[in-house]
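Below: the structure, in structure tokens.
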Amino acid sequence: MKTLIILAALILSLSAHAEDKYYVVFGQSNAGGIANYGKLDEKLSTATDTAHIIPCWKGGTELSKFMPSYDIVSIYGECLKKIGTNKISGIVFWQGERDASRLTEVGTKTPAATNWMGRITTIIRTLRQDINQGNIPVVVVLMNDKAHTKTFPYWKSIRNLQQRISAPNVMKVDSSPYEFNNDACYPGDAIHLTETGYEAISMEISAQLTTK
């Protein structure tokens, strides 16, 4: 009986300290990859805390479509709706592949890559303001340093911009060392990771977000 009482007390103690933690994952299909294949929520969970991923990704989408907007049909507006009143413990951004293509600004010949830095900076700053968490940890995943074909002429430019991001409590994780697929859609271009790759990079992202 004494053992059962002690066990019950221990369970109640753990329950009292249990906490749901929410993390926003923002970007293109690789962002979905770390959540779905990389099991990022499991990596971020602990014995007493349960991590939940708030999905704010859309595959094959340029950064201009993620810009702050309070229309709930926009990617950003829908993301805010999903966040609701939950306190966020961290944000992950993995975007840039679409902007590294031959995409140009609407009605011009200006490469979309030209405005990538200004846009990502605005998104991070505004999202922090909108959720009233000005110093929330942010991880930006850098696109890999693999050789890319003429399909993505601005790949190196976007990666260089990602390396230059500098803001308080914004960390970077380089995807280069991890295992990539040879995508059938983009022969010769390492765009998406394997499941093993997503699992491994999710571990590093988790470590960055949870290191005090």
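Some points to look at:
- Taking residues in region 129-150 that are among the polar types (S, T, N, Q), and partners anywhere that are surrounded by 11 or more Cβ atoms within 10 Å (Cβ to Cβ), the pairs with Cβ atoms closer than 7 Å and at least 6 places apart or on different chains are 133/88; 135/169; 144/175; 144/176; 144/180; 144/190; 149/188; 149/189.
- Contacts under 9 angstrom Cβ, first residue in region 156-184 being closer than 12 Å to residue 93 by Cβ, partner of a type in the set (Lys, Arg) and modelled with pLDDT of 95 or more, 6 or more apart: 162/172; 165/172; 167/125
- Unique residue being closer than 23 Å to residue 55 by Cβ and exposed (fewer than 14 other Cβ atoms within 10 Å of the Cβ) when the list is 98, 125: 125
- The requirement of being touching a strand residue (DSSP E or B) at 6+ places or on another chain (Cβ under 8 Å) and under 19 Å from residue 170 (Cβ atoms) is not satisfied by residue 111.
- Residue within region 35-48 that is among the β-branched types (Val, Ile, Thr), in contact with a helix residue (DSSP H, G or I) (Cβ under 9 Å, 6 or more places away or on another chain) and within 23 Å of residue 178 (Cβ to Cβ) present: no
- Top-ranked residue of region 66-82 - restricted to ones that are among the hydrophobic types (A, V, I, L, M, F, W, C) and more than 14 Å from residue 25 (Cβ to Cβ), ranked as modelled with the lowest pLDDT: 72
- Checking each residue in region 59-95 for being surrounded by 15 or more Cβ atoms within 10 Å (Cβ to Cβ) and acidic (Asp, Glu) picks out 62, 78.
The values are calculated or read from the model by the stated rules, or taken from the named source; none is laboratory data. Remember, it's a predicted structure, so these values are computed and weren't measured experimentally. Here the Cβ is made from the backbone with ideal geometry for all residues, glycine too, and neighbour counts use every protein chain on show.
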